[in-house]
Amino acid sequence: MNEPGRQINSDEFVALLVRHERRLRAFVATLLGRFEDIDEVVQNAWLVAWRKMDSFSCHSTNFDEEFVRWLCAIARFELLAYRRKNGPGMVLFDEELIENLADMRIEQADYFESRHRALLNCLRRLSPRDREMVFDRYGRGKSVQQMATTAGRSLDGIYKSLGRIRTALFACIDSSLKQEGC
Amino acid sequence: MTAASDDMKELDELLQRMCDSCLDAVAAARLAEILASSKAAQRRYIEYMDYCIGIAHALPGIDENDRLLPRQSASTILPFDAPRYPPSSAADPTPMLSVAVNDRTRLSRKQTISIPRFSLLRSLLYPMTRAPLRMWAAAVLLLCLLGAPWMLRALRPVVVQPAPVESLTADAANLESDFAARIIGMTSDTTWENPGAKVDALLRFKTHETIHVLTGLVRIEFVSGAKVILQAPAVFTPTGPDSGQLDRGRLTGKATNGNFRLTTKAAEVIDLGTEFGVAVDDVTGTDVLVFDGEVEVVPRAAGPDAGRVLKMTEGMAARITPTGSAVHDFPAEPGGFSRSITSLGNRDKDNELSLVDVICGGNGFDNNLAGAIDPRTGKPDSGVWLRSWGAGRRKGAAFNLITHCPPLDAVFIPFIGGEATQVDSLGNKIVLPCFTSQTFGPIWARRSTKGLDTAGEGIDFWGPDTFKDVNQRLQSTRHGVIGLQANVGFTVDLQAVRMRQHCDVTGFEAVIALLAAYKDRQQRDPAKTLVDFRVYVDGVLRTSRLSIKRADGDIRVAVSLTPVDQRITLVSTDADESILFDELVLIDPILMLDRSTRSQSSE
């Protein structure tokens, strides 16, 4: 008979949700194939998780990782339900691809988390101007049109700048991981 | 160029367009096709999604109206506003609660009905939780003021047959503890009958240590979890981990677990899981009012009601006279009982998040008075709570994520010998040059409490004689101090702070000092009592003060923070061969907040 695992109370639940919100959002975005509607799926997953909080029980020493896996399993079902409810057109991929992507995310979680840590460090190395630009686009959510108008530049120029910064950041991430031996 | 590399190049272009939200239906179908054909493509795709989400998550959301990746969305805010009673579901067990219903015509008869516990309440309360807390608090207060006096006069308690008080089970009584209760809050106008009286460093009280309050309100928590508010002038004595004696004044009690017992000269009040008020007066006796739940009252003096057990439920009131009579016709005044307090002022609008409060288990603005965390477990230290010696000596490296307090991310005891120690939930690791993987006591924090000096004689739970100096320093602090014995550290989640406070975090500030008491101990070589202090941000060293000795006095430490910084780690290590006399304190450690980002987002 299995030993009873460690459970969580509501305060711990909230703390864990906050801590791992990014991972859940990234997981949902990956399966959804678009950035719109992430909130709806994430919100549903959280509500289901809240209701099923009593059923979560951790049997390993890596409490946080097990919680994230549990949360992602709920999100996966919620996404499939969302796809069935709204039609396949609202989700970019078929169910087989969704399953494959979900499995890869979970199996290679350490690798993707390493990349995220590297990204945070690489963001610091950007020039203030480039950092502001990338934050305007992805953090503050300004449209490329808005950015072009504000900066007095062409749309194409903004796209090229964002592409250049992205290339530089990806190179920085890859380089950081190589140094770590990943 | 191979077909595979062509596909990857095309994939990168498609992913760039996806990140820029300009992927049309044809391109989307092509993306799905490439992903379905290659694991490498799937991995690249996930890397891109992480990139977009990761950047969006790396700084606080500002513009509420036009965002590609909304961050302060309903789903983002939900954890902090998460209702205690969300809508029930099939998976949600609904235990039954027995509720006593009485009417004036059948006082001797007790009817019980069963209603589903929480499920209906949850459904009703769920939308309410969307409203500002203060609004609901004001509504509840108004209801209490207007409705409760009538209710209390209208209902009388039920008298039932005598029941042996001793038959009640009291789990708390079985806990082995050096202490019975501790002060967890007080109003700023609180004064004490014996100013300068020494109390325990964490404001704990042993059984039969009496508390004399002249003015103000004092909130006390018992080992059992029961909480009471004392209204001055009051004389109160904890008599056990789940019991106390009120000799003078008013008290409001709350025990979610039930079985809290309060004794007065005239009566014994047994809380069966409720909230109640008790007022003690030498002339009129003991008044008992029940705000919620169920209480049993037993008159103590010889008289007509001696030994009888009065069962009282919500809305009932009774007066037990000094002669042992139970009186029901008297002007009960529920409004005269304080059921909540604002401890030492309200700092909601402050731009300084107190790390003292965070270590005490608060959100940085809760004004908690004292608290401690065991670095070996990451728990609000039950050892500290229950034992004079607190956590004691801790040997061996440890890393623990914190779940009881969202701003706090992790606590740790570093490895020795060049082995990296994980310091935060992101997995960042640092190598620290400490000589031993051991520390002493917990990470503790204390706010200044006017008129309550901390006992500092002898060897206490943290260091020998150190609290004499801690006490002195506390008097001139704004927020208080955190104690970090050498070889222990903690990490704060800056992102959680940003999300919770809806603003940016611009820096960390503190004054550090070594308060070791070796100056009084000639046998100790001052040159060998050194401590190092370091501040890391996301695993990268940002500042350090090395070989700190007592003679250095106060040392100011400041680190500026940017929106991409995720975690800040504060760690002390022994700079010599041992941890003896390595009591480092952080005085007024704060995170500085920029609330202008908040006003931007709400505009």
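The values are calculated or read from the model by the stated rules, or taken from the named source; none is laboratory data. Just so we're clear, the structure is a prediction, and the values are computed from it rather than from any experiment. We place every Cβ from the backbone using ideal geometry, glycine too, and count neighbours over all the protein chains shown. The protein model used for the area step is the full one, side chains on, heavy atoms only, and it has no ligands, DNA or RNA in it. Shrake-Rupley method; radii C 1.70, N 1.55, O 1.52, S 1.80 Å.
Of the residues making up the range B:9-29, those that are surrounded by 16 or more Cβ atoms within 10 Å (Cβ to Cβ) and either small (Gly, Ala, Ser) or assigned to a helix (DSSP H, G or I) (or both) are B:11, B:12, B:14, B:15, B:16, B:17, B:18, B:19, B:21, B:28.
Looking only at the range A:133-182, filter to residues that are in contact (Cβ under 8 Å) with a residue 24 or more places away in the chain and farther than 22 Å from residue B:13 by Cβ; which one of those is surrounded by the most Cβ atoms within 10 Å (Cβ to Cβ)? Among those that are in contact (Cβ under 8 Å) with a residue 24 or more places away in the chain and farther than 22 Å from residue B:13 by Cβ, it is A:176.
Filtered by the rule that a residue be surrounded by fewer than 23 Cβ atoms within 10 Å (Cβ to Cβ) and outside any strand (DSSP E or B), the range B:225-248 gives a lone residue, B:225. Can you report the number of residues in the range A:91-107 which are open to solvent by less than 60 Å² (accessible area, probe 1.4 Å), at the interface with chain B (Cβ under 8 Å from one of its Cβ atoms) and without any contact (Cβ under 8 Å) to a residue 60 or more places away in the chain? Residues in the range A:91-107 being open to solvent by less than 60 Å² (accessible area, probe 1.4 Å), at the interface with chain B (Cβ under 8 Å from one of its Cβ atoms) and without any contact (Cβ under 8 Å) to a residue 60 or more places away in the chain: 3 in total. Close Cβ contacts (under 6 Å, 6 or more residues apart or on different chains) running from residues in the range B:523-539 that are at pLDDT 75 or above and surrounded by fewer than 20 Cβ atoms within 10 Å (Cβ to Cβ) to residues that are in a loop (DSSP other than H, G, I, E, B) and of a type in the set (A, V, I, L, M) are absent. Residue A:36 meets all of the listed conditions (1) at pLDDT below 85; (2) open to solvent by 50 Å² or more (accessible area, probe 1.4 Å); (3) over 30 Å from residue A:168 (Cβ atoms); (4) under 19 Å from the mean Cα position of the chain (by Cα) but one, namely (3). Residue selection: residue A:49 satisfies the criterion of being touching a Leu at 6+ places or on another chain (Cβ under 7 Å) and more than 9 Å from chain B (Cβ to nearest Cβ).
The residues of the range A:108-127 that are free of Cβ contacts under 8 Å to residues at least 40 places away in the same chain and more than 10 Å from chain B (Cβ to nearest Cβ) amount to a single one, A:127. For residue A:43, the criteria (1) surrounded by 19 or more Cβ atoms within 10 Å (Cβ to Cβ); (2) facing chain B (nearest Cβ under 7 Å) hold in every case but one, which is (1). A search for C-beta distances below 8 Å between a residue of the range B:31-49 that is more than 7 Å from chain A (Cβ to nearest Cβ) and any residue that is acidic (Asp, Glu), counting only pairs 6+ apart in sequence or on different chains, returns B:34/B:7; B:34/B:10; B:37/B:7; B:38/B:7; B:41/B:7; B:44/B:12.
Just to verify a result, which residue in the range B:268-278, among those that are in a strand (DSSP E or B) and either out of contact with any strand residue (DSSP E or B) (no Cβ under 7 Å at 6 or more places or on another chain) or not charged (D, E, K, R) (or both), is surrounded by the fewest Cβ atoms within 10 Å (Cβ to Cβ)?
Out of the qualifying residues, it is B:274.
Out of A:152, A:141, A:157, I need the residue that is on the phi > 0 side of the Ramachandran plot and more than 10 Å from every other protein chain (Cβ to nearest Cβ). Which one? Walk me through it before giving the result.
Values: A:141 fails: more than 10 Å from every other protein chain (Cβ to nearest Cβ); A:157 fails: on the phi > 0 side of the Ramachandran plot.
Only one candidate qualifies: A:152.
When you look at residue A:51, is it open to solvent by 30 Å² or more (accessible area, probe 1.4 Å) and without any contact (Cβ under 8 Å) to a residue 24 or more places away in the chain, yes or no?
Numbers: open to solvent by 30 Å² or more (accessible area, probe 1.4 Å): yes; without any contact (Cβ under 8 Å) to a residue 24 or more places away in the chain: yes.
Here the answer is yes, as residue A:51 does meet what is asked.
Okay, residues lined up against (1) touching a residue at least 12 places away in the same chain (Cβ under 8 Å); (2) open to solvent by 10 Å² or more (accessible area, probe 1.4 Å):
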residue	(1), (2)
A:32	yes, no
A:55	no, yes
A:63	yes, yes
A:67	yes, no
